[in-house]
1. Looking only at the range 255-275, how many residues end up being more than 18 Å from the chain's Cα centre (by Cα), at pLDDT 85 or above and within 29 Å of CYS333 (Cα to Cα)?
2. Among the candidates ASP97, ASP74, ASP119, single out the residue that is over 24 Å from LYS184 (Cβ atoms) and in the same structural domain as SER188 (by TED's automatic domain parsing).
3. Is there a residue being at pLDDT 85 or above, over 28 Å from SER147 (Cα atoms) and not assigned by TED's automatic domain parsing to the domain that holds PHE389 anywhere in the range 209-221?
4. On the basis of being of a type in the set (Lys, Arg) and modelled with pLDDT under 50, does LYS301 make the cut?
5. Looking at (1) surrounded by fewer than 15 Cβ atoms within 10 Å (Cβ to Cβ); (2) at pLDDT 85 or above; (3) farther than 20 Å from GLU363 by Cα, can you tell me which one LEU193 breaks?
6. Of these, ILE146, ILE169, which one is crowded, with 18+ Cβ neighbours inside 10 Å and farther than 11 Å from PHE98 by Cα?
7. Against the conditions (1) within 30 Å of GLY371 (Cβ to Cβ); (2) modelled with pLDDT under 95; (3) buried (at least 19 other Cβ atoms within 10 Å of the Cβ), where does VAL115 fall short? Just the number, please.
Amino acid sequence: MATLSFNPTRIPHKPISKTASFSKHSEIPFPFSLKPSKNHVKPLHLQSNIITKLSVSTQEEEVETENEDLEEDDPTAETVYLDQETDPDSIVEWELDFCSRPILDVRGKKVWELVVCDDSLSLQFTKYFPNNVINSITLKDAIVSISEDLGVPLPERIRFFRSQMQTIITKACKEIGIKPIPSKRCISLLLWLEERYDTVYTRHPGFQKGAKPLLALDNPFPMELPDNLFGEKWAFVQLPYSAVREEIASLETSFFFGASLDLDLLGIEIDDKTMIPGLAVASSRDEPLADFPTSTSMSMKSCLTILWSFSASNSWMNGLEVCAIEADTSRACLILSVGIATRYVYATYKKTPVTTAEAEAWEAAKKACGGLHFLAIQNDLDSDDCVGFWLLLDLPPPPV
């Protein structure tokens, strides 16, 4: 069984500034196999050496170390951290959560917290707020203060995963020229929140055991997919983990579309020969997209036209924010999850003992890989190459 947690060599536990305690292989038979491309580039393994702030004298260094240890033991402290080896200008996208925590303040009211990071956790920021100042102005000012305190430019984009906070976050971002992106592809943030629940919130003097999240994640009933969204063919497929890494590496060097995950940071413990389940969709359509609506109620016609188009721009592709695919055996269909609260019946199949067993095997393989799976778009299911490749990850909702 695969495990999923932060890679400890990639996560700082002693930030430079004031800081809170940061804080089997299972081969499943499928009717098709997706052949890896012959022109792959080996994945890049980025290493991050975390540098802590050192004082000039030994005595000052000892005092600072003691203070850091005290701060890490204090769950009420806040985090203001930037990896000194990271170029601040390279951090163009943040992941953000602004929500209540299972913690009561001296008034007996729930404490709110702003948590911000980038996808590599080179930037980390947390700050508590009373519940009577929660609005877009407070959030906008906090975002600006992060930029000033850490000496980093305001990001080009901010991802967030709570639909209930969309109005506040969107307004705050737009007032300072940042593009808000509603997306559950906030993997680093979601895992960090899970870790903070165990190492920070539960140790806070105001922690309320058993308190349920105030803003639970939406899981709406899947909607019908427009006719022109369906691919011509689809199949359950699998790739060795090593080939998946090569596909992800080629995203940066080849002209095809998709989205990756930082597998090194996630620390997924999977053998290179382990078969990763995926879904291959074939379509011969290659007409360019003339226009793309930006409304959240946009027709999905444009979205999957992008998926199947060689000439559509990568920015439109990634704007779809594909986050997961689920095989629903009770309804004999595949469910595509995009954005933060949109689910579509992506494909259907005739329910038989054989097809149900295949769908169950696919879901079992996904579970054995820690939720890791992929979506591959091809011109033909027999092709060696992909037009698009999305690495996806099923994650349970955060405990807060």
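1. So the count comes out to 3.
2. ASP74
3. Yes, the range 209-221 contains a residue that is at pLDDT 85 or above, over 28 Å from SER147 (Cα atoms) and not assigned by TED's automatic domain parsing to the domain that holds PHE389.
4. When the stated conditions are applied, LYS301 passes them.
5. Tallying (1) surrounded by fewer than 15 Cβ atoms within 10 Å (Cβ to Cβ); (2) at pLDDT 85 or above; (3) farther than 20 Å from GLU363 by Cα, LEU193 fails exactly one: (1).
6. ILE146
7. VAL115 satisfies every listed condition except (2).
A quick yes/no check of all residues on (1) at pLDDT 85 or above; (2) under 20 Å from ARG159 (Cβ atoms); (3) not assigned by TED's automatic domain parsing to the domain that holds GLN238:
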site	(1), (2), (3)
LEU289	no, no, no
PHE292	no, yes, no
THR305	no, no, no
SER313	no, yes, no
VAL322	yes, yes, no
ALA332	yes, no, no
ILE335	yes, no, no
THR355	yes, no, no
ASN379	no, no, no
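The values are calculated or read from the model by the stated rules, or taken from the named source; none is laboratory data. Nothing here was measured: the structure is a model prediction, and the numbers come from that model. Positions of Cβ are backbone-derived with ideal geometry, glycine not excepted, and every protein chain shown enters the neighbour counts.
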